[in-house]
Amino acid sequence: MKKKITSEKAASDASKTLRNDSTSSKSKTAAASALSQAKAPQKVTSAKAATAASKVLADGRTSKDSKSAAGSALSQKPSARSAKSKGTGARGPKK
């Protein structure tokens, strides 16, 4: 599987989101996840950050910058299929 990284535009949008005092904590969680993956292809989005990103994208009041960062973070979440193929998941590794 090809590793993804946050684009320069999404990283810039994530930075703007984090610096905005009126931004929600969910937006900031997603933005922080996206920004942490800007030059780190080995990093992936956590379940908590992915849930926050999903809620940010569903909220009609969210700014374009926040949605850009959230979309980037969500696109870097490992798929459930890849977790199953590695034998990991909610119940831990296969025995």
Legend entry - Net charge of neighbours whose Cβ lies under 14 Å from the Cβ of LEU57, counting Lys and Arg as +1 and Asp and Glu as -1: +3
Legend entry - FRET efficiency, SER25 to SER75 (Cβ-Cβ, R0 25 Å, nearest 0.05): 0.75
Inset, instruction - Pop out the ³J(HN,Hα) list for the stretch 57-70 in order, Karplus 6.51 cos²θ - 1.76 cosθ + 1.60 with θ = phi - 60°, rounded to Hz; leave Gly and Pro as x. - result: 5, 7, 7, x, 8, 6, 5, 4, 4, 5, 5, 4, 5, 5
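Sorting check: for 52-58, 19-25, 38-44, which peptide has the highest mean count of neighbouring beta carbons within 10 Å, and how do the rest follow?
On the way: 52-58: 19.7, 19-25: 11.4, 38-44: 13.0.
Those peptides, ordered most packed to least, come out 52-58, 38-44, 19-25.
The numbers here are math on the coordinates, done by the rules we state, and not lab data. Model, not experiment: these values are computed from the prediction. Cβ sites come from the backbone with ideal geometry, for glycine too, and all protein chains shown count toward neighbours.
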